[in-house]
Amino acid sequence: MDNKLIALSSLKDGERAIVKIIDINGSEKIRLNNLGLIENTTITALYRSFLGEPCAYLIRGTVIALRLDTTDNIYVQRIR
C-alpha cells in the first residue's frame, strides 16, 4: 500500500482509499462524522457530476455527495 497521502478530491472514479486526516472544523466536521466519514474508514470514489462537482462517494454502505472545497481538505491513502 502506498503511504503517500492525497486529497480525497484526487481519487479517480472507482478508486478506494482509507481516510487518514479530516482537516475540517466545526459543524461541517460533525456532519461528516455523523455520515460515517471518520479517520480509518474505507471510501470509494463513485462518480463526478457533469461539471466536476459534487462527487459521489461510497462510505459504509451509503452514497454521499461532497463538494470540492470539502474533499480538498480530507486526506486519504490509496488502497491498491
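Structure data summary
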item: Complete set of residues in region 54-78 that are touching a residue at least 40 places away in the same chain (Cβ under 8 Å) and open to solvent by less than 60 Å² (accessible area, probe 1.4 Å); result: Cys55, Tyr57, Leu66, Leu68, Thr70, Thr71, Asn73, Ile74, Val76, Gln77, Arg78
item: Count of region 1-25 residues which are more than 16 Å from Ala65 (Cβ to Cβ), exposed (fewer than 12 other Cβ atoms within 10 Å of the Cβ) and in contact with a Leu (Cβ under 9 Å, 6 or more places away or on another chain); result: 1
item: Filter pass, Glu28 being open to solvent by 60 Å² or more (accessible area, probe 1.4 Å) and part of a helix (DSSP H, G or I); result: yes
item: The one condition in (1) of a type outside the set (Gly, Ala, Ser); (2) surrounded by 15 or more Cβ atoms within 10 Å (Cβ to Cβ); (3) out of contact with any Phe, Trp or Tyr (no Cβ under 9 Å at 6 or more places or on another chain); (4) farther than 24 Å from Lys4 by Cα that Leu51 fails to fulfil; result: (2)
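The values are calculated or read from the model by the stated rules, or taken from the named source; none is laboratory data. Keep in mind it's a predicted model, so treat the numbers as computed, not measured. Backbone-built Cβ (ideal geometry, glycine too); neighbour counts: all protein chains shown. Accessible surface is based on the protein model in full, side chains and every heavy atom, while ligands, DNA and RNA are left aside. Shrake-Rupley method; radii C 1.70, N 1.55, O 1.52, S 1.80 Å.
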